[in-house]
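See structure below.
All of the numbers you see were taken from the coordinates with simple rules; none came from a lab. Model, not experiment: these values are computed from the prediction. No Cβ is skipped: glycine too gets one built from the backbone with ideal geometry, and neighbour counts run over all protein chains shown.
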Amino acid sequence: MNQTNKDRRRLIGLAGAGLAAGATGFRSLPAFAADEPLKLWAAGIAKVGGKDWSAMEEQAGISIAYNAKSARADEAMQKMVVGDGNKLYDAMTDNGGGMEDALASQNAIVELDVSRIPNWKNVLPTYLDGGAAANTIRYEGKVVAIPYISNADSLAYNHTVIGEDLNSWEALFDSQFKGRAAMQNDYGPTLTNTAIYLKSSGKQDIENPSDMTPAEVKGVCQFLIEHKKKGQFRTFWDGFQNGVDLLASEEVLVSSCWEPIQIVAGKKSAQDIRYGTMQEGHQTWNNVFMLTKGGMERGQEEAFYKLMNLYLDPWFGSRTLNGLGFTPQMTGVNEYIDANPKDFDDSAKATMNTRLANKQARIAVAGNSWQNVFPTHIRDYQDWWARVQSA
Amino acid sequence: MSIRSGITTSLTRWVFILPIAFMMLFFALPMILTAVWSVFERTMFWMEPGFTLFSYENFFTSARLLNFLASMYHSSIAVLICLVLGFPIAVFVRRRIPQAAQHRVVLLFILPFMVSETIRVFALRPVLQRNGLVNGALMKLGVITEPLTAILYTPLGVIIGEVLSFLPFIVFSGFLAMEAVPRYIFEICEDLGANTFRVYKDIILPLAAPGIFAGSVFIFVNGIGVALLPNILGGPGAVNAGLIATQAISALDFPLAMAVSAIMTATLFLLLYIGHRLFDLTHILDPVNK
């Protein structure tokens, strides 16, 4: 549907709803607003099925007004807590494991009624069993977010050049990759991944790699500083394209990164760039959808729940797995893929099956640690990360 | 006073008041707010009124100070390289290009600014990287046998980026400064048999000093402030003041970000004060060809 048609439809809807509101009084106001498109503030990775949102709109049966959102926690908090985010957006995405708690504690998002999402029955059991994953969608025991993708970040490596498989974070600190290793320029994942390695290899005593004490943060950073001074790291990458370029251009042979970076770098360079399973464990994370308080007040719950129903449908899960390599958050994906051979040819099916098997292997590693957006001693993380950078 | 002259007087007054009001609203006020917010108390997600020097203590007693000093050092090198490369271009254009064509030639240096800075800096990577154009060309020519790795993801990479990004500043300011040097002076120097070095050292540089200094300040401040350069071209953890502020904002430490901005502004004012004492910067706008 083109924009003119959309606008016309919206205008007709508004006029009709306005008349209805006039006839029935102000109590009809939420219904009036519900004819508006659902205003999404979401990361680009939330979309599948084409270059725009039309396939998602068609599948969900709603109209969407999309607004691009970065992954920066500060931007989300500013917009939603002290800015005008609740006026602008009906629904938003962010990382589970901190953001949903922060936003709910500030009354920026609202509790959800999962009984209004028929596909909630598909959600991965891990979200129901009260563990770490379950906490990432709840605030004070109530569901405030719907997961739509997750992953266990790992090590990408250039198998063409290295000639063997890697299964340990040790590679990042191994002198044979001196000057050809990279980590993310973000204290969150980089310190956590390093802590997982140091803990599992018995090199440092660390209780919780996702929420370290000041002494543990210091130990991890001193370890990184020592290797940085030896010239181990080519750079700390920033942003998706930077991560891709480093691997595709052979600037680095090993890099701790997101899975889509490995997928795109492999396609771009036509080299065999693989995403390993680390024996020490991985940082696991998810991205979630939340209904803003403003969205609820504007009567957008129905549209929101329809969209969430789509995000928990294997239609979405299979496509995010195929396109971006993210882990679907629902059961039934394999069955869906088998039932839709026209959408997934044998090659795509094989790739997806391999990815799913690898993901299951990564998720099964005992040393995994869930992402924590706001660790208790965040100041120590920041200060020590500044020291790593300046070393 | 007639009505017409009254209107003219009123309009004249507004012509002065409006720019002052504009500068107060969009320049002075944000700077004052930056300083005020830098002493506010940090809260979990924002800040609240109060008075604490914690952010400044945090900056000066942590590695951020070392990062800041390192970025000043790298910027200083970039300024020197820009001077060596850019100022002779300005002098050449002023002295050797026919007057009617001079401004057109200088305008050529504006062309790179028509492209987004992000794209310009990003485009340097395929040029400088391991299997990039520079290494490819040098290896084909047999100058090197292994790719050079010191020109990207290193401080040198940041300096190269600063030079290529900011060189036009010194060309513009150098050209403007040279417009303030009377042309007959060159003729007198030639008549007296002064060599090129002496003309530069004893005549051009002293006369063009305010303009050169202004261009240098532009480059220096951009070098320590533009976060993009260390982010895209720097090595592991390359940081400048702009990036420190960005990272502080990302970590929801707004008073620290404000403190870094205030320190940058103070550094700029200190530089301008020193420059004014040394070169009397009011001469930048002296009449042309006096």
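Could you check the simple spin-label distance between A:Thr160 and B:Phe54, using points 7 Å along Cα→Cβ, in nm with one decimal?
Using points 7 Å along Cα→Cβ, the separation is 5.1 nm.
What does the charge count near B:Phe213 come to, summing +1 for each Lys or Arg and -1 for each Asp or Glu among other residues with Cβ under 13 Å from its Cβ?
0
Taking the Cα atoms of the protein assembly as shown alone, what are Rg (to one decimal) and Dmax (as a whole number) in Å?
Final numbers for Rg and Dmax: 29.5, 97 Å.
Just how large is the dipole of chain A about the Cα centre, in debye to the nearest 20, putting +1 at every Lys and Arg Cβ and -1 at every Asp and Glu Cβ?
The dipole magnitude comes to about 600 debye.
Calculate, for A:Thr354 and B:Leu111, the FRET efficiency according to 1/(1 + (r/R0)^6) with r their C-beta to C-beta distance and R0 56 Å; round to the nearest 0.05.
0.70
Looking at the range A:217-278, which chymotrypsin sites (Phe, Trp or Tyr not before Pro) are DSSP coil and have at most 13 other C-beta atoms within 10 Å of their C-beta?
Passing both the DSSP loop test and the Cβ count: no residue.
Nearest 5 is fine: what % of DSSP beta bridges in the protein assembly as shown come out antiparallel, could you say?
Roughly 65 percent of the DSSP beta bridges within the protein assembly as shown come out antiparallel.
Please list, by residue number, every one of the trypsin sites (Lys or Arg not before Pro) in the range A:264-355 that is coil in DSSP and has at most 13 other beta-carbon atoms within 10 Å.
Of the trypsin sites (Lys or Arg not before Pro), the ones in loops of the range A:264-355 whose Cβ has at most 13 other Cβ atoms within 10 Å are A:Lys342.
For the residues B:Ile7, A:Ile261, B:Ile212, what sequence is obtained by ranking on other C-beta atoms within 10 Å, fewest first?
By the 10 Å Cβ count, ascending: B:Ile7, B:Ile212, A:Ile261.
Counting only helical runs of four or more DSSP H residues, what would the 222 nm mean residue ellipticity of chain A come to if each run contributes -39,500 (n - 2.57) and the total is spread over all its residues?
Here the helix-only value at 222 nm equals -13000 deg cm²/dmol.
Tell me, what is the percent relative contact order of chain A, built from C-alpha pairs under 8 Å that lie six or more residues apart?
Normalised by residue count, the contact order of chain A is 25 percent.
Quick check on my link table: of A:Lys39/A:Lys359; A:Lys230/A:Lys268; A:Lys121/A:Lys267; A:Lys268/A:Lys349; A:Lys47/A:Lys121; A:Lys229/A:Lys268, which ones sit more than 24 Å apart, alpha carbon to alpha carbon?
Beyond 24 Å between Cα atoms: A:Lys39/A:Lys359; A:Lys230/A:Lys268; A:Lys121/A:Lys267; A:Lys229/A:Lys268.
Considering the dipole of chain B built from charges on the beta carbon (Lys and Arg +1, Asp and Glu -1) around the Cα centre, which of B:Phe40, B:Ile244, B:Ala78 is farthest to its positive end?
Among B:Phe40, B:Ile244, B:Ala78, the one farthest towards the positive end of the dipole of chain B is B:Ala78.
Distance between the C-alpha centers of the range B:196-259 and the range A:139-154? Whole Å please.
Between the Cα centre of the range B:196-259 and that of the range A:139-154, the gap is 42 Å.
Need the full-extension length gain, B:Leu148 to B:Thr12, defined as separation in residues times 0.36 nm minus the C-alpha distance. One decimal, nm.
42.9 nm is the gain from fully extending B:Leu148 to B:Thr12.
Let me spell out the model: positive unit charges on the Cβ of Lys and Arg, negative unit charges on the Cβ of Asp and Glu, origin at the Cα centre of chain B. What dipole size does that give, in debye rounded to 20?
About 640 debye.
Which of A:Ala391, A:Gly325, A:Pro341 sits closest to the plus end of the dipole of the range A:323-391, meaning its Cα is farthest towards the positive end, when Lys and Arg get +1 and Asp and Glu get -1 on the C-beta?
Positive-end residue among those listed: A:Ala391.
Hey, can you grab everything whose amide H is under 5 Å from the amide H of B:Glu41? Only 5+ residues off in sequence or another chain; H modelled, so Pro and N-termini drop out.
The list, which skips near neighbours in sequence, is B:Glu48, B:Gly50.
Cα centroids of the range A:60-124 and the range B:129-180: how far apart, whole angstrom?
If we compute the Cα centre of each part, the gap is 44 Å.
How high is the relative contact order of the range B:163-229, given as a whole-number percent (alpha carbon pairs under 8 Å, six or more residues apart)?
Reported as a whole number, the value is 55 percent.
Taking neighbour Cβ counts within 10 Å as the exposure measure, how do A:Arg138, A:Arg116, B:Arg94 sort from fewest upward?
Fewest-to-most Cβ neighbours within 10 Å comes out as A:Arg116, A:Arg138, B:Arg94.
Filter the GluC sites (Glu not before Pro) in the range A:180-232 down to the DSSP loop ones having no more than 11 other Cβ atoms within 10 Å, then list what survives.
A:Glu207
With +1 assigned to the C-beta of every Lys and Arg and -1 to the C-beta of every Asp and Glu, and no other charges, what is the dipole magnitude of the range B:105-191 about the Cα centre in debye, to the nearest 20?
In debye, rounded to 20, the range B:105-191 gives about 580.
Using 16 Å as the cut-off for backbone N distance, which residues of the range A:306-334 belong to the label zone defined by a point 7 Å from the Cα of A:Leu128 along Cα→Cβ?
Inside the label zone: A:312-314, A:329-333.
Can you tell me, using C-alpha contacts under 8 Å and at least 6 residues apart, the relative contact order of the range A:262-341 as a whole percent?
19 percent
Anyone know which of B:Met47, B:Met258, B:Met23 comes out most mobile in the 10 Å Cα GNM of chain B?
Maximum among the listed residues: B:Met23.
Compare the Cα positions of A:Pro125, A:Val114, A:Thr93 along the charge dipole of the range A:54-170 (+1 at Cβ of Lys, Arg; -1 at Cβ of Asp, Glu; about the Cα centre) and return the one farthest towards the positive end.
With unit charges placed on the Cβ atoms, the residue in question is A:Val114.
Taking amide H positions as placed 1.01 Å from N in the peptide plane, with prolines and chain starts having none, which residues 5 or more places from A:Ile149, or on another chain, fall under 5 Å of its amide H?
Correct list: A:Asn287.
Would you grab the residues whose amide H sits under 5 Å from the one on A:Leu38? Only those 5+ places off in sequence or on another chain, please, with H modelled 1.01 Å from N.
Amide H neighbours of A:Leu38, under 5 Å, 5+ apart: A:Ser63, A:Ile64, A:Ala65.
Is any helix in chain B, taking whole DSSP H runs, at least 27 angstrom long along its axis by alpha carbon and on average at least 1.0 on the Kyte-Doolittle scale, and which ones?
Flagged H segments are B:3-23, B:63-96, B:155-179, B:205-225, B:254-279.
Can you tell me how the range B:38-285 classifies by the Cα gyration tensor, rounded, prolate or oblate, using a/c under 1.5 as the rounded cut?
Taking the square roots of the gyration eigenvalues as a ≥ b ≥ c, the range B:38-285 is oblate.
If you average the C-alpha positions of the range A:268-292 and of the range B:43-58 separately, how far apart do those two centres end up, in angstrom?
Answer, in whole Å: 36.
Can you tell me the FRET efficiency between A:Lys121 and B:Val36 if r is taken as the Cβ-Cβ distance and R0 is 51 Å, rounded to the nearest 0.05?
The computed FRET efficiency comes out at 0.40.
Place a point 7 Å from Cα of B:Phe22 in the direction of its Cβ. Which residues in the range B:261-275 have their backbone N less than 12 Å from it?
Within reach of a label on B:Phe22: no residues.
Just to be sure I understand the model, the point goes 7 Å from the Cα along the line to the Cβ. What's the resulting B:Thr265 to B:Ser5 distance in nm?
Taking the two extended label points, one gets 4.3 nm.
Starting from the Cα gyration tensor of the range A:83-134, take the square roots of the eigenvalues, sort them a ≥ b ≥ c, and report rounded, prolate or oblate (rounded when a/c is under 1.5, otherwise prolate if a/b is larger than b/c, else oblate).
It is oblate, given that a/c is not under 1.5 and a/b is not larger than b/c.
Sticking with the crude label model, points 7 Å out along Cα→Cβ, report the distance from B:Asp191 to B:Leu69 in nm, one decimal please.
For the pair B:Asp191/B:Leu69, the computed spacing is 5.3 nm.
Mind listing the phi-derived Karplus ³J(HN,Hα) values for the range A:75-87, rounded to whole Hz, using 6.51, -1.76 and 1.60 with θ = phi - 60°, and x for any glycine or proline?
5, 5, 5, 4, 5, 8, 9, 10, x, 9, x, 5, 7
Length gain on complete extension for the stretch A:Asp52 to A:Glu111, per 0.36 nm per residue less the alpha carbon to alpha carbon distance?
18.3 nm
Which residue fluctuates the most in chain B, going by a Gaussian network model with Cα springs under 10 Å, if the choices are B:Ala259, B:Ala35, B:Ala123?
Taking springs between Cα atoms under 10 Å, the residue moving most is B:Ala123.
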